[in-house]
Ligand SMILES: Cc1cc2nc3c(=O)[nH]c(=O)nc-3n(C[C@H](O)[C@H](O)[C@H](O)COP(=O)(O)O)c2cc1C
């Protein structure tokens, strides 16, 4: 405690502090600050988070989320975008590394380009699979073969739609967020998964729809050219792609899922 000041100064010579913020969260005197950090928020409800949302409302909200594949063309309002990015930024990360980077694509041209690169790759995969069909005669008729599985069929389906002028990858979304993990951070896959969930629900709370696009994510991992074209910084490995926009479809039923697969010891 510095004389005359109501502030505690910490020294961390061994760099053990991960800036998790628990000291801020528990200090009743509001005496702890980090240099250059934003202000913490204070709200009596933080003390009893179970009172912020009724459990039933939360479950309904979670189950009401759907992947949206039809969007209106209009832009995502800047305020909503900030809300979503904030929700993602406040998600927990391994060792509190906070090593996620968000590439927000709002250029229609770039989004179309991104989709077209996935489609070009699909075309290449189709050629390879057709060649395989010749090399392994009747292989495609075998159950579970790569030529008969759902992934191959969705690839063909996407190619058909693209040929008809549709965007079967990013669904003509007006905004796409690529979430990447800095290579210095570990556990970025988990970090990104949590941040994406935060983003999906924050979008839903703003009346917006999202779809995670694994195909676009996988395409980004194939080489640096597309990553560079989309201005994803060096040292950042893409961990997820989220299409975002005003939904053209609404649902009134939350579908079932498989029963819980679990074991208890
Ligand atoms: C990791 C991940 C990758 C996904 N990739 C795609 C994709 O490439 N294209 C797509 O249309 N949907 C994609 N989805 C959406 C799933 O198909 C969808 O979540 C699932 O069918 C359940 O539907 P729901 O999200 O409406 O509940 C993906 C979802 C996840 C979690």
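Since every read-out is calculated from the coordinates, none of them should be taken as a lab result. It should be emphasised that the depicted structure is a prediction, and the values quoted were computed from it without experimental measurement. When we count neighbours, we look across all protein chains shown, and the Cβ atoms used for this are built from the backbone with ideal geometry, even at glycine.
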Mean residue ellipticity (222 nm) of the chain, computed from DSSP H runs ≥ 4 via -39,500 (n - 2.57), nearest 500:
-12000 deg cm²/dmol
A chain fully extended from residue 228 to residue 19 at 0.36 nm per residue, minus the present Cα-Cα distance, gains in nm 72.1 nm
Inter-label distance, nm, simple model (7 Å from Cα along the C-beta direction), residue 51/residue 194
2.6 nm
Between 0 and 90 degrees, rounded to the nearest ten: what's the tilt of helix 108-135 against the longest Cα principal axis of the chain?
50 degrees
The equivalent-ellipsoid semi-axes of the stretch 168-226, taken as the square roots of five times the Cα gyration tensor eigenvalues and listed largest first in whole Å, are 21, 17, 8
Quickly work out the residue 42-to-residue 164 label distance, labels modelled 7 Å from Cα along the C-beta direction, and quote it in nm with one decimal.
5.9 nm
Surface/4 estimate of mean projected area, convex hull on alpha-carbon atoms of the chain, nm²
20.9 nm²
Cα-Cα pairs in the stretch 189-265 separated by more than 18 Å, as a whole percent of all pairs, come to 59 percent
Going by how many other Cβ atoms sit within 10 Å of their own, how do 198, 186 line up, fewest first?
186, 198
Surface/4 of the Cα convex hull for the stretch 21-138, nm²
14.1 nm²
Mean projected area, convex hull of alpha-carbon positions in the stretch 1-52, reported to one decimal in nm², is 4.8 nm²
Could you line up 62, 196 from fewest to most neighbouring Cβ atoms inside 10 Å?
62, 196
Does anyone have the angle between helix 188-205 and the longest principal axis of the chain? Alpha-carbon axes, 0 to 90°, nearest 10?
90 degrees
What number, in percent, do you get for the relative contact order of the stretch 146-265 if the mean sequence gap of Cα pairs under 8 Å and at least 6 apart is divided by its residue count?
33 percent
With the stretch 1-90 reduced to its Cα atoms and the Debye formula applied, log10 I(q)/I(0) at q = 0.15, 0.17, 0.21, 0.23 1/Å amounts to -0.90, -1.02, -1.24, -1.33
Could you grab the Rg to Rh ratio for the stretch 69-197? Cα atoms only, Kirkwood for Rh.
1.08
Please give the Cα centre distance for the stretch 191-255 versus the stretch 97-125, rounded to the nearest Å.
10 Å
Based on the alpha carbon coordinates of the stretch 135-265, what radius of gyration and maximum Cα-Cα distance (Dmax) apply, in Å?
18.1, 53
Just rank 103, 188, fewest to most, by other beta-carbon atoms within 10 angstrom.
103, 188
Relative packing of 160-167, 204-211, 86-93, 252-259, which averages over residues the other C-beta atoms within 10 Å, highest first:
204-211, 86-93, 160-167, 252-259
